[in-house]
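The values are calculated or read from the model by the stated rules, or taken from the named source; none is laboratory data. The model shown is predicted, which means the values in this text are computed figures rather than measured ones. Glycine also receives a Cβ, built like all others from the backbone with ideal geometry; neighbour counts cover every protein chain displayed.
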Amino acid sequence: MSEKEYIYFPGCSLEASAIEYDMSVRKVLAALGVKLIEPDDWSCCGSTPAHSVDHVFAAAVAARNLAIVEKMGASTVITACPACLSAFKKAHLRMKKEEGFKKEVNAILDEPYNCGVTAKSVLQILVEDIGPKPVAEKVTLDFPDLKVAPYYGCIINRPPEIMEFDDPENPMAMDNLMTSVGVKVCDFAFKVECCGAAFGVAKRKMVNELSSKVLSMALDAGANCLVVTCQLCHQNLDLRQGQINNTMGSSFNIPVLFFTQVMGLTYGYSPQELGIDKHNIQAEGLLKTRRPVEERIKEEQEKAKAKKPKAKKAEEEES
Amino acid sequence: MRVGVFICHCGNNIAGTVEVAKVAEAARMMPGVAFATTYMYTCSEPGQEEIKEAIKREKLDRVVVAACSPRMHEVTFRRTVEKTGLNRYFFEMANIREHCSWIGEDKELNTNKAIEAIKLAVEKAKQNKPLFPAKFKINKRVLVIGGGVAGMQAALDCADGGLDVVLVEKSPSVGGMMARLDKTFPTVDCSICILGPKMVDVSQHEKINLYAYSEIEEIKGYVGNYQIKIRKKATYVDWSKCTGCGACIEKCPSRNAFDYFNFGVAPARAINIPFPQAIPKKAKIDAQFCRQFIKGKCGVCAKFCPVGAINYEMKDEIVTEDVGAIIVASGYGLIDLDKLPEYGGGRYPDVISGIQYERILNASGPTSGHIERPSDHAEPKTIVFVSCAGSRDKSIGIPYCSNFCCMYIAKQAILTKDHIPDSRSYVFYMDIRSPGKGYDEFTRRAQEEYGVQYIRGRVSRIYPKGKKMIVKGADTLLGTQVEIEADLVVLATAVTATTDARTLAEKLHISYDPHGFYVESHPKLRPVETNTSGVFLAGACQGPKDIPASVGQGSAAAAKVLSIFSKDTLESDPQIARVNTNICVGCRKCIGTCPFGAIEEQQLRDGRIIANVIETVCAGCGICNSTCPCGAIQLQHFTDNQLLAEVNALCLT
């Protein structure tokens, strides 16, 4: 397989509270022959606090990192965190569009950013650069009982004019990726509903209410697991699931996995290697059902055989 | 040469930001100018009289009026000049209003610009040659494109006025969108009952030649003499034999064809007649769904047809018709449901469009007028209507209002209550737009007498929960969020231009706006004319429009055609290209560039091949003029010498 190389920006939470997201991203991309290079001396992307105070400051904090990537001679940086992605894209697009803004931002920076770096999510390069076929080829294990509700959250593809990826109302990238690795996906109506985001501290009850709606909609849709692309969504849905149960009087016990963890599981990695044991809601029950993918293929062939005579009969009747 | 210059104040429109007296003074100093004056309103009757008197008194032989755009008053002043015996092309106009006083605030700069504009016009006027229009006979037949209510009205009015009418309809039956409606607002009378008689009149009028299931292939010619090629699409049924008995439809084994007439509410047969009142009531086969065409074997309809009308070998046929004028009434389209993903459009079966609901309400529709929702055919008790579904939404490129949705939503909500007395209807709206006669009373009736809940606010999301559709939105009057558990959601989908509106416009040489709606010649004063003479507009192809407005425009367009056909000949515009036979080398470059096919080869008596302009076809665009390598072909009134005189006046003096 041809070796691909990307500059990879982990961001703060993927080094701490969501370290398992980082672990699974690295495992899956390594399996697909992708080499990740972490830029030296990367710093905070600005996150929510920066842009709620000052837009020039927020862009400068993000652009400092983009300037480092630019100096490395790369034109693309990838990140798993949708908030980092959003910060990079916003800073890049506004600096590219408004010369005055660019000057203001660059005046703060030691090294100017010349608008030569495109930020992409890990999900985007999996879909666009690697593609469903190589992704599927690495699958060794099958989950017959797993049915996931793909939950994208609010910012990985919105606003569309900034994020420039997938459908803003009914995204399909993660649905298709999960299908590629042989995982059953349910038709989930709340793909982009709000989980409550960073209001968990200020307005805990509201976050619990919103997140509980996402969880109950996933159960209604027939899912037994949520897959997410955002560690903040993960925190609200997994870490706070007990809290949700207390606030709402519910009894949710539904595992929430990063999409890279699900991919890693189908690639044969152990739950520990992918950091699944770090989650609040354990997925052990589901994980036990893993089996070699050959078994499924055999099963499908048998089913197809059984179906064929029936189909023929129907055709005869029709004519 | 004695040029007279008349500078208009246009009230304060020009005099407010241009020092007109100073401009007149400068004009008097220009070479060749014998007289210059200013006037409050040059276009007024005394203003025109002054021009006429000055021509006689000062013995003027060229006239320049510095005023508004020539699009406003060039014709007026040409006529004034002509009345004194001068050739009308000895008149020039300098636009010092739209190009000068209206757009600049600096009085000194404006004054200088006005002087320069007049300098150009004076030099051009001095170069002008007398031109004379030719007369040509007109063919008093009219083509009407589109057999909806606007097109039918236009066709009937023209035919009643004694004209031969060629009516071309794209679909298998006339009737258009109105034939699909159940009831019409605000009278709630049956749509097909009032349209049906018109449809019958169209089919029976001896002056109307109807081409149903046909499209415009090519349009050549000019006002008075058009040659139209019409593509009669293959129906695979010989309509001269078909009696419309319906035996073929009953037996057709392909039961999953798309029902275009019902907007896919229920499947149709591959051979079908769109609706019981269709005119002509003839069957046609949709080849893409027909087993005979897909699998190469079936032939059931041919077997059962009692008159042997089925012909699987039928091919499209091109027919030619000559007409003198064209009325375009090609109608409108609707935005696809899947362009509205926030409402679950195209994703959930119980989110439907207004026109689909109209078909469900209609007694001749797929549910025989019983309201049932598509997913499980259950009778809905709670129905939510969402207005402005796509309309007034810049983010999807539809900033305009779709005109009639507020009204038909009120109508559909009223009808819903009539059909299902224990139902509840909700309407999410941005504004209620009901400015027509009796319209506002109607929307009030929906609210007050029929108890329709109007919620001012937009819907953010629609998603399924069990058998219900949850509609989440804002009530901006109460300042709260609302969630409604609905059984059925009806989206008032935005009106768009038809998908082939742009292609048709290019065939007609008429212009369209960024949304694909055809542009009228003047938004207020020439609402049914286009900038191509001989082509008129009617109905929603010009912009979203309800039935009375469409009918009104249909009649107006017919009146326009009858008016130009009241003469036997028309004058051709002499501002066309002309070839200097002494200079032309016969390179044929002009023939290749002419977009109108107005240039042909001509052999002179000495055997030389040269270009020849067909006077009546040339539109005077000037492309050949700039293409000609030796300057042999010149656009009259805009010759190289005339334009260079202007350039020299501006740059060399």
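Quick look at the values:
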read-out	value
Residue satisfying condition, being of a type outside the set (Val, Ile, Thr), crowded, with 23+ Cβ neighbours inside 10 Å and more than 14 Å from every other protein chain (Cβ to nearest Cβ), within set B:GLY308, B:GLY331	B:GLY331
Any hit, segment A:238-249, residues being surrounded by 24 or more Cβ atoms within 10 Å (Cβ to Cβ), within 17 Å of the chain's Cα centre (by Cα) and closer than 23 Å to A:PRO82 by Cβ	no
Residue within segment B:332-342 that is under 20 Å from A:PHE190 (Cβ atoms), among the β-branched types (Val, Ile, Thr) and out of contact with any Cys (no Cβ under 6 Å at 6 or more places or on another chain) present	no
Strands (runs of 3 or more DSSP E) enclosed by segment B:463-582 - at least 2 residues per element that are among the hydrophobic types (A, V, I, L, M, F, W, C) and crowded, with 22+ Cβ neighbours inside 10 Å	B:468-475, B:488-493, B:495-497, B:535-537
Top-ranked residue of segment A:187-202 - restricted to ones that are over 19 Å from A:ALA223 (Cβ atoms) and touching a residue at least 12 places away in the same chain (Cβ under 8 Å), ranked as surrounded by the fewest Cβ atoms within 10 Å (Cβ to Cβ)	A:ALA198
Qualifying residues in segment B:341-370 (those that are touching a strand residue (DSSP E or B) at 6+ places or on another chain (Cβ under 8 Å) and assigned to a loop (DSSP other than H, G, I, E, B)) - the one nearest to B:LYS472 (Cα to Cα)	B:GLY344
Some residue of segment B:399-420 being of a type in the set (Ser, Thr, Tyr) and part of a strand (DSSP E or B)	no
Enumeration of residues in segment A:268-286 that are in contact (Cβ under 8 Å) with a residue 24 or more places away in the chain and surrounded by fewer than 22 Cβ atoms within 10 Å (Cβ to Cβ)	A:GLY268, A:TYR269, A:GLU273, A:GLY275, A:LYS278, A:HIS279, A:ASN280, A:ILE281, A:GLN282, A:ALA283, A:LEU286
Subset of segment B:304-335 [in contact (Cβ under 8 Å) with a residue 40 or more places away in the chain, charged (D, E, K, R) and out of contact with any strand residue (DSSP E or B) (no Cβ under 8 Å at 6 or more places or on another chain)]	B:LYS315
Subset tally (residues that are among the aromatic types (Phe, Trp, Tyr) and in contact (Cβ under 8 Å) with a residue 60 or more places away in the chain) for segment B:255-291	4
Test set (1) buried (at least 18 other Cβ atoms within 10 Å of the Cβ); (2) within 14 Å of chain A (Cβ to nearest Cβ) - B:ILE355 fails condition number	(2)
Test result for B:ALA266, away from chain A (no Cβ under 14 Å), closer than 30 Å to B:CYS541 by Cα and in contact with a Pro (Cβ under 7 Å, 6 or more places away or on another chain)	yes
Test for B:ASP286: is it outside the structural domain of B:ASP182 (by TED's automatic domain parsing), over 26 Å from B:ASN362 (Cβ atoms), modelled with pLDDT of 95 or more and among the acidic types (Asp, Glu)	no
Test: residue in segment A:117-135 that is of a type in the set (A, V, I, L, M, F, W, C), assigned to a loop (DSSP other than H, G, I, E, B) and more than 14 Å from A:TYR6 (Cβ to Cβ)	no
Selection within segment A:157-209 - β-branched (Val, Ile, Thr), assigned to a loop (DSSP other than H, G, I, E, B) and more than 13 Å from chain B (Cβ to nearest Cβ)	A:VAL181, A:VAL183, A:VAL201
Unique match (being of a type in the set (A, V, I, L, M, F, W, C) and within 14 Å of chain A (Cβ to nearest Cβ)) among B:ILE294, B:ILE285, B:ILE219	B:ILE294
Residues located in segment B:437-456, provided they are surrounded by 15 or more Cβ atoms within 10 Å (Cβ to Cβ) and in a loop (DSSP other than H, G, I, E, B)	B:TYR450, B:VAL452
Test for B:VAL489: is it farther than 15 Å from B:LYS381 by Cα and within 14 Å of another protein chain (Cβ to nearest Cβ)	no
Flag for B:ILE420 being crowded, with 19+ Cβ neighbours inside 10 Å, out of contact with any strand residue (DSSP E or B) (no Cβ under 7 Å at 6 or more places or on another chain), among the β-branched types (Val, Ile, Thr) and farther than 30 Å from A:ALA218 by Cα	no
Residue in segment A:217-224 that is farther than 22 Å from A:LEU146 by Cβ, surrounded by 18 or more Cβ atoms within 10 Å (Cβ to Cβ), of a type in the set (Gly, Ala, Ser) and more than 14 Å from every other protein chain (Cβ to nearest Cβ) present	no
Some residue of segment A:80-87 being among the hydroxyl-bearing types (Ser, Thr, Tyr) and more than 20 Å from A:ASN157 (Cα to Cα)	no
Pick from segment B:89-105, criterion in contact (Cβ under 8 Å) with a residue 40 or more places away in the chain and closer than 19 Å to B:GLN127 by Cβ, ranking: nearest to the chain's Cα centre (by Cα)	B:TYR89
Unique residue being more than 14 Å from chain A (Cβ to nearest Cβ) and under 25 Å from A:CYS194 (Cβ atoms) when the list is B:GLY479, B:GLY451, B:GLY436	B:GLY479
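Each row is one residue, and each column tells you yes or no for (1) within 14 Å of another protein chain (Cβ to nearest Cβ); (2) free of Cβ contacts under 8 Å to residues at least 24 places away in the same chain.
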{"site": "B:LYS417", "(1), (2)": "no, no"}
{"site": "B:ILE420", "(1), (2)": "no, no"}
{"site": "B:SER423", "(1), (2)": "no, no"}
{"site": "B:SER460", "(1), (2)": "yes, no"}
{"site": "B:LYS472", "(1), (2)": "yes, yes"}
{"site": "B:GLU485", "(1), (2)": "yes, no"}
